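A.B. asks: Mind having a look at this structure? Questions to follow.
The values are calculated or read from the model by the stated rules, or taken from the named source; none is laboratory data. Small disclaimer: the values here were computed from a predicted structure and weren't measured. Methodologically, a virtual Cβ is constructed for each residue, glycine included, from the backbone with ideal geometry; neighbour enumeration extends over all protein chains shown.
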Amino acid sequence: MRPYDERLDHFLSRAARVFADKGYHSTTMRDLAAATGMSLAGMYYYVQGKEELLYRIQERCFTQVLAGAEQVLAGLRGGDVDPIERLQAFIRHHVGFFAAHMAEMKVLSHEANSLAGERQRKVSAIKRRYVDLLERLLRDVAPDDPAVERSAAAYVLFGMMNWIYNWYDPAGEIDPERLAGLIARIFTGGFAEARSTVHGG
């Protein structure tokens, strides 16, 4: 992993807000320079162009959320840990992370297909590891469910969590922790109900 660079971190965060507001394809490097307070030369020190910037935003975000989820779950290993509890911990981490990175969430959702070639493959590989992690958690909760249903359930859950950028205000009446708990209860309750209906439990 590359060493932490606070100026790069700030640059990527501000650029994500510009992409979220204007859209990737409508944004110019001059727009980014104005919004980030960096000169064009300063930006080109970090990235070769707009596509590499989008790649760095996506790569950073997926890498961070994956590493954070793995760290949270590492503290919940052992035979006495309820699989539902591990799933809920994943949900709380995901919602908490993206509540603090709402612009990035919008960019990841809207610009998922804007990368090409090797950059797209690298981001897709990190994203696949994250999806696989969730699918393993769902398998632990419902080991008898067909793999195709677990995969569908994973994307249903991501849909619930990732759609919040359209309506959620982290500074509003529901703080991120409370929202995460609400989503966890709705999904895990519904997932358990679906299991009992399908399997006659």
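Results for (1) part of a helix (DSSP H, G or I); (2) of a type outside the set (A, V, I, L, M, F, W, C), shown as yes or no for each residue.
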residue	(1), (2)
Phe11	yes, no
Ala16	yes, no
Tyr24	no, yes
Arg30	yes, yes
Thr63	yes, yes
Ala69	yes, no
Ser109	yes, yes
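A.B. asks: I'd like the residue in the stretch 1-37 that is of a type in the set (A, V, I, L, M) and at pLDDT below 90 and, out of all such residues, is nearest to His110 (Cα to Cα). Spell out the reasoning first.
C.D. replies: Here is the first cut: in the stretch 1-37, the ones of a type in the set (A, V, I, L, M) are 1, 8, 12, 15-16, 18, 20, 29, 32-35.
Imposing the further condition that a residue be at pLDDT below 90 reduces the set to 1, 8.
Numbers: Met1: 26, Leu8: 22 Å.
Filtering the stretch 1-37 for residues that are of a type in the set (A, V, I, L, M) and at pLDDT below 90, the one nearest to His110 (Cα to Cα) comes out as Leu8.
A.B. asks: What's the total number of residues in the stretch 52-93 that are charged (D, E, K, R), in contact (Cβ under 8 Å) with a residue 60 or more places away in the chain and surrounded by 16 or more Cβ atoms within 10 Å (Cβ to Cβ)?
C.D. replies: We begin by selecting, within the stretch 52-93, every residue charged (D, E, K, R); these are 52, 56, 59-60, 70, 77, 80, 82, 85-86, 92.
Still in the list and also in contact (Cβ under 8 Å) with a residue 60 or more places away in the chain: 52, 59, 70, 92.
Filter once more, keeping what is surrounded by 16 or more Cβ atoms within 10 Å (Cβ to Cβ): 59, 92.
Counting residues in the stretch 52-93 that are charged (D, E, K, R), in contact (Cβ under 8 Å) with a residue 60 or more places away in the chain and surrounded by 16 or more Cβ atoms within 10 Å (Cβ to Cβ) gives 2.
A.B. asks: Check Ile186, Ile126 and return the single one that is in contact (Cβ under 8 Å) with a residue 40 or more places away in the chain and either in a helix (DSSP H, G or I) or within 19 Å of Leu66 (Cα to Cα) (or both).
C.D. replies: Numbers: Ile186 fails: in contact (Cβ under 8 Å) with a residue 40 or more places away in the chain.
Only one candidate qualifies: Ile126.
A.B. asks: Hey, could you check the stretch 40-51 for residues that are of a type outside the set (Phe, Trp, Tyr) and either at pLDDT 90 or above or surrounded by 14 or more Cβ atoms within 10 Å (Cβ to Cβ) (or both) and say which is farthest from His101 (Cα to Cα)? Break it down stepwise before answering.
C.D. replies: Here is the first cut: in the stretch 40-51, the residues of a type outside the set (Phe, Trp, Tyr) are 40-43, 47-51.
Pick out the ones that are also either at pLDDT 90 or above or surrounded by 14 or more Cβ atoms within 10 Å (Cβ to Cβ) (or both) and you get 40-41, 43, 47-51.
Details: Leu40: 25, Ala41: 26, Met43: 21, Val47: 21, Gln48: 24, Gly49: 22, Lys50: 20, Glu51: 20 Å.
Restricting to residues being of a type outside the set (Phe, Trp, Tyr) and either at pLDDT 90 or above or surrounded by 14 or more Cβ atoms within 10 Å (Cβ to Cβ) (or both), the top hit is Ala41.
To keep it simple, each residue is scored yes or no on (1) farther than 17 Å from Gly68 by Cβ; (2) surrounded by 15 or more Cβ atoms within 10 Å (Cβ to Cβ).
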{"site": "Ala99", "(1), (2)": "no, yes"}
{"site": "Val141", "(1), (2)": "yes, yes"}
{"site": "Arg150", "(1), (2)": "yes, yes"}
{"site": "Trp167", "(1), (2)": "yes, no"}
{"site": "Ala171", "(1), (2)": "yes, no"}
{"site": "Gly190", "(1), (2)": "yes, no"}
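A.B. asks: Between residues in the stretch 6-27 that are surrounded by 14 or more Cβ atoms within 10 Å (Cβ to Cβ) and residues that are in a helix (DSSP H, G or I) and polar (S, T, N, Q), which pairs lie under 8 Å by C-beta distance while being six or more apart or on different chains?
C.D. replies: These pairs meet every condition: Phe11/Thr36; Arg14/Thr36; Ala15/Thr36; Val18/Thr36.
A.B. asks: Of everything in the stretch 173-188, what is under 15 Å from Ile84 (Cβ atoms) and surrounded by fewer than 17 Cβ atoms within 10 Å (Cβ to Cβ)? Give them in sequence order. Step through it out loud before you land on a result.
C.D. replies: Filtering the stretch 173-188 down to residues under 15 Å from Ile84 (Cβ atoms) leaves 180-181, 183-188.
Once the filter is applied, which keeps residues that are under 15 Å from Ile84 (Cβ atoms) and surrounded by fewer than 17 Cβ atoms within 10 Å (Cβ to Cβ), the stretch 173-188 yields Gly181, Arg185, Ile186.
A.B. asks: Residue under question is Ala103, and the condition is that it be in contact with a Ser or Thr (Cβ under 8 Å, 6 or more places away or on another chain) and in a helix (DSSP H, G or I); does it hold? Don't jump to the end; show me each part of the working.
C.D. replies: Details: in contact with a Ser or Thr (Cβ under 8 Å, 6 or more places away or on another chain): yes; in a helix (DSSP H, G or I): yes.
Criteria met by Ala103.
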